[in-house]
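Below is one structure; the comments refer to it alone.
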Amino acid sequence: MKKLFSIRHPIPSKAYACLAVFVFVFLVLTWYFVSSMGIVKELFMPSPVKVVRYIAAELVSGGMLSDMWISIYRIMMGFLLAAVLAIPLGILAGSFPWMEALIAPVCEFVRYMPVPAFVPLVMIWSGIGEAAKIIIIFLGTFFQMVLMIADDARSVSDDLLASSYTLGARGSVAIRTVLIPAMLPRMMDTVRMMIGWAWTYLVVAELIAADSGLGYSILKAQRYVKTEAIFAGILVIGLLGLITDRILVLINKKLFPWAEGE
Amino acid sequence: MFFKRREKNNGCSTAGRPISAQLANVKIWGHQIEKVYSSKKGEYHALEGLDFEVLDNDFVCIVGPSGCGKSTLLRMIAGLDFPTGGVLMIDNREITGPGADRGMVFQTYTLFPWMTVAENIGYGLRLKRMKKEESEKIIQKYLKAIGLEKFRDAYPKELSGGMKQRVAIARALANSPEVLLMDEPFGALDPQTKSQMQLLLREIWQVEKPTVIFVTHDIDEAVFLANKICIMSANPGKIIKEQPVHLPYERILELKDTPEFFELRKKVNACIKG
């Protein structure tokens, strides 16, 4: 008992997994009892069985699949666009103080502007087509990502760069052969976190300005008070997020077997 | 060449070069070096009026109390830092930046973690676009010299601290630098590993004969390794004494228990304590 409350005392990984699973089971069971015992009306809180059945039926009929694909497509486009521009800008800002002066303050400012507030403007500019969602995801992730990538670049130790200089590397060679490889694991972590954000902004975009996608399916369900469909939508988005996250963690481990501190 | 450079360095008096510096075999020459850090609180003179000279192929240790600027001096020779006054030259050319002619080993572990041991050692050679077969020979030679042939494909995270520093030395030497700069490279190692590393370094130096400038605060280490010890004082940082080390050319660990060794250590200690 004393050990449990000694700070940072390690526990076996099996025990860790058990505790984590226990919380999930506990939550689902609580949910099940609250809804099936009629403590909360079925209309407000459908039972987990009903939600799972709904998801299964939707997956079989393909209705939800098409919503999923269009949402994933939007994330990919918006996020890739943001990453392709933010990564080089971030690296430059993290490498050269004069570049940082040009890039960072603007990004700091824009990232505090709430993205949902841009939605009306984006709709005026580009209607409710695909471009609108991609722009919203871009706005939500790009500025933040530039700053975080710049931090990743700055985190590469001075001595590591200095030793490359004393081995004959200068300027762009040092960036290409030392700075970028050294920051890659952290950068991939940043990318992983930003994809999580992208899911949030996707739903923002689809709730307000869409006629397809997972976010839209939630909105549509609200109109017909189909709470099980709302639950299903939220759960599926959560699961997709979790799956992308885990896949990226696995990719990172495979790509960077040399990374320290694991 | 020298005079042209001196004009460029306007505002710095060079007030006559010592005669020895005119000899062909002076590798590094510093005169009245000054490093001033200015902040809102005022100026801090890290180095002031520092004269410094290292002969070609020599092994020089710089010792001094912490904060005396010995690492700053070393970084200046590497071209990673610059004096605010005075002249600092290599082969009669002013040092304007870092280069492959001056390899450096740091106290912190600076191996590239995404490269294997062999790739780390070959990094400088790849930058030079050396042919594969040629660089492979050099890598093999230094892997053997540091006794890590079995670890050629290991990543740095699999190595102990002493092994990492051995690879760092090999990486610097593989580039065949004219000058090897070492900034307390064994400072983080346990005493046992430290002695072995000193032995290895001296051995390598006797074969390869690069000019070595080795910064340390460990006086035993300095006496054991060096042909000449430069002793620095702090506030302001300058070299107060040059102590030649007349010990046998072949350094063995038993040397550390001889009266000659004690005598030298005492001399250097006395000088540091003022």
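Bear in mind that the values in this text are calculations on the coordinates, not laboratory data. In this text the structure is predicted, and so the values were computed from the model without any measurement. Note: ideal-geometry Cβ built from the backbone for every residue, glycine included; neighbour counts use all protein chains shown.
What's the angle, to the nearest 10 degrees (0 to 90), between helix A:63-95's Cα axis and the longest principal axis of chain A?
20 degrees
Along the charge dipole of chain B, Cβ charges K/R +1 and D/E -1, which of B:I219, B:Q206, B:M104 sits furthest on the positive end?
Positive-end residue among those listed: B:M104.
Give me B:W29, A:W197 ranked fewest to most by other Cβ atoms within 10 Å of their Cβ, as a rough exposure proxy. Please list the in-between numbers first.
Details: B:W29 22, A:W197 17.
Ascending number of Cβ neighbours within 10 Å: A:W197, B:W29.
If you place +1 on the Cβ of every Lys and Arg and -1 on the Cβ of every Asp and Glu, how big does the dipole about the Cα centre of the protein assembly as shown come out, in debye to the nearest 20? Each step should come with its number before you reach the end.
Numbers: 60 positive and 51 negative charges, 108 e Å.
Dipole about the Cα centre, nearest 20: 520 debye.
How big is the gap, in Å, between the Cα center of region B:74-128 and the Cα center of region B:222-272?
26 Å
Projecting each Cα onto the charge dipole of region A:62-255 (Lys/Arg +1, Asp/Glu -1 at the beta carbon, about the Cα centre), which of A:L147, A:A93, A:I230 comes out farthest on the positive side?
A:I230
From the backbone phi of region A:11-23, what are the Karplus-calculated ³J(HN,Hα) couplings (6.51 cos²θ - 1.76 cosθ + 1.60, θ = phi - 60°) in whole Hz, Gly and Pro given as x?
10, x, 5, 5, 4, 4, 4, 4, 4, 5, 4, 4, 4
Provide B:L50, B:L74 in ascending order of the number of other Cβ atoms located within 10 Å of each residue's Cβ, fewest first. Mind dumping the intermediate values first?
Working: B:L50 25, B:L74 22.
Listed from fewest to most nearby Cβ atoms, that is B:L74, B:L50.
Starting from the Cα-Cα distance between B:H246 and B:E263, subtract it from 0.36 nm times their residue separation and give me the gain in nm to one decimal.
Details: separation 17, 0.36 × 17 = 6.12 nm, distance 1.10 nm.
So the extension gain works out to 5.0 nm.
Among B:V36, B:V60, B:V117, determine the one that fluctuates most according to a GNM of chain B built with springs between C-alpha atoms less than 10 Å apart.
Its mean-square fluctuation being the largest, the pick is B:V36.
Compute the Cα gyration tensor for region B:50-92, then decide on rounded, prolate or oblate, letting a ≥ b ≥ c be the square roots of its eigenvalues: rounded whenever a/c is under 1.5, prolate when a/b is larger than b/c in the other cases, and oblate in all that remain. Write out the running numbers ahead of the final one.
Working: a/c = 1.80, a/b = 1.11, b/c = 1.63.
Since a/c reaches 1.5 but b/c is at least a/b, the shape of region B:50-92 is classed as oblate.
May I ask for the net charge around B:S160, where only other residues with Cβ less than 13 Å from the Cβ of B:S160 are counted and Lys, Arg are +1 while Asp, Glu are -1? Working shown, then result.
On the way: positive: B:K157, B:K164, B:R166, B:K194; negative: B:E158, B:D190.
Around B:S160, the charge tally is +2.
In sequence order, what are the phi-derived ³J(HN,Hα) couplings for region B:55-63 according to the Karplus relation 6.51 cos²θ - 1.76 cosθ + 1.60 with θ = phi - 60°, rounded to whole Hz, with x for glycine and proline?
Per-residue couplings from phi come out as 7, 4, 6, 8, 10, 10, 10, 10, 10 Hz.
Assuming 0.36 nm per residue, please report the length gained on full extension of the stretch A:L59 to A:L235 beyond their Cα-Cα distance. Working shown, then result.
Working: separation 176, 0.36 × 176 = 63.36 nm, distance 1.35 nm.
Difference between extended and current length: 62.0 nm.
Can you pull the one-decimal nm distance between simple spin-label points at A:A131 and B:Q196, each 7 Å off the Cα toward Cβ?
6.7 nm
Assuming a ≥ b ≥ c are the square roots of the Cα gyration tensor eigenvalues, decide whether chain A counts as rounded (a/c under 1.5), prolate (otherwise, with a/b larger than b/c) or oblate. Can you show the working numbers first?
Numbers: a/c = 2.63, a/b = 1.42, b/c = 1.85.
It comes out oblate by the Cα gyration axes.
Which chymotrypsin sites (Phe, Trp or Tyr not before Pro) in region B:177-274 sit in a loop by DSSP (not H, G, I, E or B) and have at most 13 other Cβ atoms within 10 Å of their own Cβ? Write down the numbers at each step before the final one.
Numbers: sites: B:F186, B:W205, B:F214, B:F224, B:Y249, B:F261, B:F262; in loops: B:F186, B:Y249.
Filter output for region B:177-274: B:Y249.
Can you give me the long-range amide H partners of B:K27? Hydrogens built in the peptide plane at 1.01 Å from N, cutoff under 5 Å, separation of 5 or more residues or another chain.
B:V54, B:L55, B:D56
Grab the beta carbon distance between B:Y44 and A:K253, set R0 = 51 Å, and tell me the FRET efficiency rounded to 0.05. Working shown, then result.
Details: r = 46 Å, r/R0 = 0.91.
That gives a FRET efficiency of 0.65.
Mind putting a number on the dipole of region A:62-255 about its Cα centre? Charges go on the C-beta only, +1 for Lys and Arg and -1 for Asp and Glu, and I need it in Debye to the nearest 20. It would help to have the intermediate numbers written out before the result.
Working: 14 positive and 13 negative charges, 60 e Å.
Around 280 debye, computed over region A:62-255.
Of the beta bridges DSSP finds with both residues in the protein assembly as shown, what % are antiparallel, to the nearest 5?
Numbers: 23 of 41 bridges.
Counting only bridges with both partners in the protein assembly as shown, antiparallel ones make up about 55 percent.
Mind sorting B:T258, B:T216, A:T177 by how few other Cβ atoms lie within 10 Å of their own Cβ, fewest first?
B:T258, A:T177, B:T216
Using 7 Å Cα-to-Cβ label points, what is the A:D151/A:F24 separation (nm, one decimal)?
2.9 nm
Å³ per residue of the Cα convex hull, for the protein assembly as shown? If you can, show how the numbers build up before the last one.
Numbers: hull volume 133.1 nm³, N = 536.
Residue-normalised Cα hull volume stands at 248 Å³.
Computed FRET efficiency, Cβ-Cβ of B:V36 and A:W98, R0 30 Å: what is it to the nearest 0.05?
Details: r = 24 Å, r/R0 = 0.81.
Computed FRET efficiency for B:V36 and A:W98: 0.75.
How many angstrom lie between the C-alpha centres of region A:1-66 and region A:91-118?
Region A:1-66 and region A:91-118 have Cα centres separated by 39 Å.
Quick one: dipole size for chain B, taken about the Cα centre, charges +1 on Lys/Arg Cβ and -1 on Asp/Glu Cβ, in debye to the nearest 20. Show your work: numbers first, answer last.
Details: 39 positive and 34 negative charges, 125 e Å.
My answer is approximately 600 debye.
Return the Rg/Rh value of region B:176-274, two decimal places, where both radii are evaluated on C-alpha atoms and Rh is the Kirkwood radius.
Working: Rg = 13.5 Å, Rh = 14.2 Å.
Rounded to two decimals, Rg over Rh is 0.95.
Assuming 0.36 nm per residue, please report the length gained on full extension of the stretch B:K273 to B:A154 beyond their Cα-Cα distance. Mind dumping the intermediate values first?
Working: separation 119, 0.36 × 119 = 42.84 nm, distance 4.44 nm.
Stretched out fully, the B:K273 to B:A154 stretch lengthens by 38.4 nm.
Each label point is 7 Å from the Cα along the Cα-to-Cβ direction; what then is the distance between the points at A:E108 and B:S176, in nm?
Going by the 7 Å Cα→Cβ label model, 5.0 nm.
Once a ≥ b ≥ c are taken as the square roots of the eigenvalues of the Cα gyration tensor of region A:33-149, is the result rounded (a/c under 1.5), prolate (a/b larger than b/c) or oblate (a/b not larger than b/c)?
The shape class here is prolate.
From the backbone phi of region B:101-112, what are the Karplus-calculated ³J(HN,Hα) couplings (6.51 cos²θ - 1.76 cosθ + 1.60, θ = phi - 60°) in whole Hz, Gly and Pro given as x?
For region B:101-112, the Karplus-derived couplings read 6, 10, x, 9, 10, 9, 6, 6, 6, 10, 5, 6 Hz, x marking Gly and Pro.
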